[in-house]
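The values are calculated or read from the model by the stated rules, or taken from the named source; none is laboratory data. Keep in mind that this is a model prediction, so the values were computed, not measured. Virtual Cβ from ideal backbone geometry, glycine too; neighbours counted across all protein chains shown. Remember, those area values only see protein heavy atoms, side chains included, never the ligands or the DNA or RNA. Shrake-Rupley method; radii C 1.70, N 1.55, O 1.52, S 1.80 Å.
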Amino acid sequence: MRVQKMATTSGGVDHSSLGSVFPHDHDSGRSASELELQEARDDLERRVAERTAELREANRQLQSQITVRKQAEQALRESEERFRRLADFGFEGIVVHEHGTILDANHSLVEMFACELGDLVGRNLSELLITESSEVLGDSLESDRGRPTALRGRRLDGTTFPAEIVSRALPYGRRSVWVTAIRDITENRRAEDERRRHEFELAQTARYYTVGEMATTLAHELNQPLTAITAYACGAILRLSSGTLTKDGLTGALQHVAAEALRAGEVIRSLRNFVRKREPECTTVHVNDLVREAVCLAEAEARYHGSSIRVDLADELPSVAADPIQIEQVILNLLRNGVEAMAKTAADERELLVRTARRGEDCVEIAVCDRGRGFDGQESVRIFQPFYSTRPQGMGMGLSISRSIVERHGGHLWAESQPGTGATFRFTLPIDGRNSDVEAETSSLCD
Amino acid sequence: MSKQKPVVYVIDDDAAVRQSLEWLLKSVGLSVEIFPKARAFTDRYDSSWPGCLVLDLRMPGMSGLELQDHLAAQGIKLPIIFITGHGEVPTAVRAMKNGAVDYIEKPFSDHELLECVQRAIKLDAGARSARSEQAEQTARLERLTPRERQVLELVVEGLANKQIAARLSLSQKTVEVHRAHVMAKSKAHSVAELVRTALGAAGVGAFPRPVANKS
């Protein structure tokens with residue numbers, strides 16, 4: 001059997017030549033197998049065609065996927081680039097770290113620490129951030145608290161600066177990666193210090209002014225012991241010349257003279273102490289002592305207006321960390337206001353009460369209660385505003401300065417009153433050793 | 001009226017001041033009582049007790065000026081000396097206008113205070129004796145009958161018995177009898193004494209008013 005060469009086209013089969021290959025006059029056996037062959041070839045061709053089509057399709061899809069992926073990668077690169085720019089030139093320094101080791105940092109951080117990125121990568125953050133203890137540092141670097149921690153930053157050249165940091169977790173597979181934002185608060189601190197200084201000087205001025213207002217009554221307050229001294233001394237002389245002076249009598253008189261001289265000295269000392277020009281200080285303070293000092297200064301004015309001052313001081317009051325003169329100033333201000341409020345109260349009822357007590361777990365409270373005319377809700381807000389005064393020559397700063405002093409110490413000052421029944425002014429101070437909650441918010445006096 | 005020893009009453013809310021003043025005043029033999037506030041004094045004091053008051057001007061509760069007003073309202077005429085550590089002219093003027101004996105600023109010398117106190121005690125003694133004399137005189141005249149009273153008034157006016165008789169339409173003899181009774185009951189030994197008694201009862205005392213001249 002001759003097999004004619006089949007014309008091959010790309011997948012095509014020349015059917016016309018098949019007829020000459022398989023003439024009809026050959027025996028039927030040969031036709032059958034040739035038919036089978038034909039069918040097989042057809043089938044093969046069909047399958048090849050199908051497969052080819054499938055491959056083409058698969059290839060096309062693959063191409064399209066590659067394109068999409070390339071686009072995604074491009075978008076990602078661009079996005080990263082944008083974020084990189086953002087991170088790099090934001091105000092805050094940003095550092096990415098793992099177990100304290102620096103992995104990466106932005107431009108601002110590198111600048112903040114005055115070095116190159118290469119100097120930072122691989123270093124441990126404990127070399128750059130100073131805190132009280134490693135626990136505090138660890139906690140601030142690897143917890144999501146949201147509240148900033150204050151600490152100091154240390155540059156590679158050794159210089160330090162005040163800083164605040166806050167951290168966030170950065171999920172990265174199984175790795176414990178964190179990102180921390182660091183802010184250099186040197187400028188903030190400076191502005192804060194300026195403001196504190198300014199407030200302090202304002203308080204000092206207010207003290208001078210207060211003393212000026214009280215000068216007349218204080219001077220007259222000195223007349224009491226002087227009167228007593230004169231009377232005892234002269235009495236002794238008279239008795240001596242009339243021969244009625246006894247040893248006991250003289251001793252008693254002289255003791256009184258000494259006591260009264262000391263009493264006068266106390267008034268003067270309190271006064272001088274109150275206006276002495278000084279720096280703000282923060283020491284352990286016993287509030288009861290300050291109340292006594294303030295009352296000593298206020299008594300003259302109280303007496304002048306026909307008022308008396310009663311004290312009810314708690315025993316064993318915990319001490320507070322404070323600037324003693326400023327707290328004394330606040331108490332004195334409240335006392336003077338109380339006396340003035342009672343100017344029109346019935347003479348027998350003009351009593352001012354000062355009370356100290358522990359309030360809750362962590363505060364000491366001082367209250368000054370008067371029986372004056374009282375005030376309503378609106379006025380209770382106004383009285384704390386600057387330049388509000390009910391005195392004819394009043395400066396109107398007393399309560400607003402008092403409040404800022406108290407808040408600077410981490411406490412609160414407020415008033416309770418009903419019109420017609422008097423008023424109570426209260427302020428709190430945190431007990432010594434417990435102002436940790438205050439430091440983060442505003443810089444406290446006792447930092 | 002019993003003659004009591006005068007007492008200096010000292011009121012000052014400052015303990016050292018009032019105790020030292022007590023010591024000082026006792027040094028010259030005066031009797032002293034001290035009080036920390038006005039109320040303590042008013043609760044205790046009886047207006048028949050002679051002496052004077054040494055009083056601080058500004059005190060808690062009732063002030064010095066308020067006490068002065070209170071005593072005046074009660075008709076208590078105890079002389080007051082104000083002492084004060086606060087020198088204020090308006091208050092001083094008011095205190096003096098309301099009848100204070102004096103006003104002294106602290107600190108004062110013993111001399112100043114003692115002189116004032118002696119003066120006040122004398123004033124008080126004088127006033128008391130004048131008052132008691134007046135009371136006595138009033139009592140005497142109250143013993144007169146209405147007719148005797150009429151006669152007294154005309155005698156004091158300077159009328160002679162004859163004129164009195166004419167005025168009252170009485171006989172001269174009757175007038176003489178009434179007149180004798182008047183002199184006896186008034187314990188007067190002369191017309192001049194009678195006149196003094198009548199004036200004293202009328203509250204004129206040492207400052208005689210010109211008598212209206214009816215004729």
Within the set of other residues whose C-beta is less than 10 Å from the C-beta of residue A:97, count the net charge using Lys and Arg as +1 and Asp and Glu as -1.
-2
Residue by residue through A:216-229, how many Cβ atoms from other chains fall within 10 Å of the Cβ on average?
6
Among A:417, A:58, A:150, whose Cα sits farthest toward the positive end of the charge dipole of chain A (+1 at Cβ of Lys/Arg, -1 at Cβ of Asp/Glu, about the Cα centre)?
A:417
In nm, to one decimal, how far is the modelled label at residue B:145 from the one at residue A:116, with both set 7 Å along Cα→Cβ?
14.3
Over chain A: helical MRE at 222 nm, DSSP H runs n ≥ 4 each giving -39500 (n - 2.57), nearest 500
-17500 deg cm²/dmol
Relative to the isolated chain, which residues of the stretch B:23-67 have their accessible area cut by 50 Å² or more in the presence of all protein chains (1.4 Å probe, heavy atoms, no ligands or nucleic acids)?
B:23, B:27, B:58, B:60, B:61
Under a 1.4 Å probe, counting only protein heavy atoms, residue A:97 has an accessible area in Å², nearest 10, of 0
Counting DSSP beta bridges with both partners in the protein assembly as shown, what percentage is antiparallel, nearest 5?
70
From zero outward in steps of 10 Å, how is the percent of C-alpha pairs of the stretch A:277-358 spread across the bins?
18, 45, 27, 9, 1
State the number of lysine pairs found in chain B whose Cα atoms come within less than 16 Å, restricting to pairs 8 or more positions apart or on distinct chains.
7
Highest average packing first - B:14-26, A:67-79, B:173-185, B:52-64, Cβ atoms within 10 Å
B:52-64, B:14-26, B:173-185, A:67-79
Report the local net charge at residue B:56: Lys and Arg +1, Asp and Glu -1, summed over other residues whose C-beta lies under 9 Å from its C-beta.
0
Whole Å is fine, so just give me how far the alpha carbon centre of the stretch A:313-382 lies from that of the stretch A:70-112.
56
Tabulate in residue order the Karplus-calculated ³J(HN,Hα) for the stretch B:10-23, using 6.51 cos²θ - 1.76 cosθ + 1.60 with θ = phi - 60°, rounded to whole Hz; enter x for Gly and Pro.
10, 10, 8, 6, 8, 4, 4, 5, 5, 5, 5, 5, 4, 4
How far, in nm, would the chain grow between residue A:67 and residue A:189 when pulled straight, counting 0.36 nm per residue and subtracting the alpha carbon separation?
38.5 nm
Compute the acute angle (0 to 90°) between the alpha-carbon long axis of helix A:287-304 and the principal axis of greatest extent of the alpha-carbon atoms of chain A; round to the nearest 10°.
50
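Could you work out the equivalent-ellipsoid semi-axes for chain B, taking the square root of 5 times each eigenvalue of the Cα gyration tensor, largest first, in whole Å?
One finds semi-axes of 48, 16, 14 Å for chain B.
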Give me the inter-chain shielding for B:9-19: mean count of other chain Cβ atoms within 10 Å, whole number please.
4
Report the semi-axes of the equivalent ellipsoid for the stretch B:94-156 in whole Å, largest first, where each axis is √(5λ) for an eigenvalue λ of the Cα gyration tensor.
43, 12, 8
With every protein chain left in place, what is the accessible area per residue of the protein assembly as shown in square angstrom, probe 1.4 Å?
56
Sorted peptide list for A:268-280, B:71-83, criterion being average Cβ within 10 angstrom, highest first:
B:71-83, A:268-280
What does the convex hull of the Cα atoms come to per residue for the stretch A:54-149, in Å³?
156
Net charge near residue B:181 (other residues with Cβ under 15 Å of its Cβ; Lys, Arg +1; Asp, Glu -1) is +4
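Ratio of the stretch A:190-257's C-alpha Rg to 2.2 N^0.38 Å, to two decimals?
Details: Rg = 23.3 Å, N = 68, 2.2 N^0.38 = 10.9 Å.
Cα-based Rg divided by the globular estimate yields 2.13.
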Which of rounded, prolate, oblate describes the stretch B:1-116, given a ≥ b ≥ c as roots of the alpha-carbon gyration tensor eigenvalues and a/c under 1.5 marking rounded, otherwise prolate only if a/b is larger than b/c?
rounded
Please work out the ratio of the alpha-carbon Rg of the protein assembly as shown to 2.2 N^0.38 Å and round it to two decimals.
2.07
Buried accessible area for the B:A pair, summed, 1.4 Å probe, in Å² rounded to 100?
2400
List, largest first, the extents of the alpha carbons of the stretch A:157-230 along their principal axes, each in whole Å.
90, 24, 24
Compute the normalised compactness of the stretch B:127-190: alpha-carbon radius of gyration over 2.2 N^0.38 Å, N being the residue count.
1.21
Can you give the calculated 222 nm mean residue ellipticity of chain B, where each DSSP H run of n ≥ 4 adds -39,500 (n - 2.57) and the sum is split over every residue, rounded to the nearest 500 deg cm²/dmol?
-17000 deg cm²/dmol
When the accessible area of chain B is computed with all protein chains present and a 1.4 Å probe, what percentage of it is carbon and sulfur?
54
For the stretch A:308-411, with equal point scatterers placed on the C-alpha atoms only and solvent neglected, what are the log10 I(q)/I(0) values from the Debye formula at q = 0.11, 0.21 1/Å, to two decimals?
-0.38, -1.28
Show me the ranking of peptides A:346-357, B:88-99 by mean Cβ neighbours inside 10 Å, starting with the highest.
A:346-357, B:88-99
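Express the carbon and sulfur contribution to the solvent-accessible surface of chain A as a percent, rounded to the nearest whole number, probe 1.4 angstrom.
With neighbouring chains kept in place, the figure for chain A is 53 percent.
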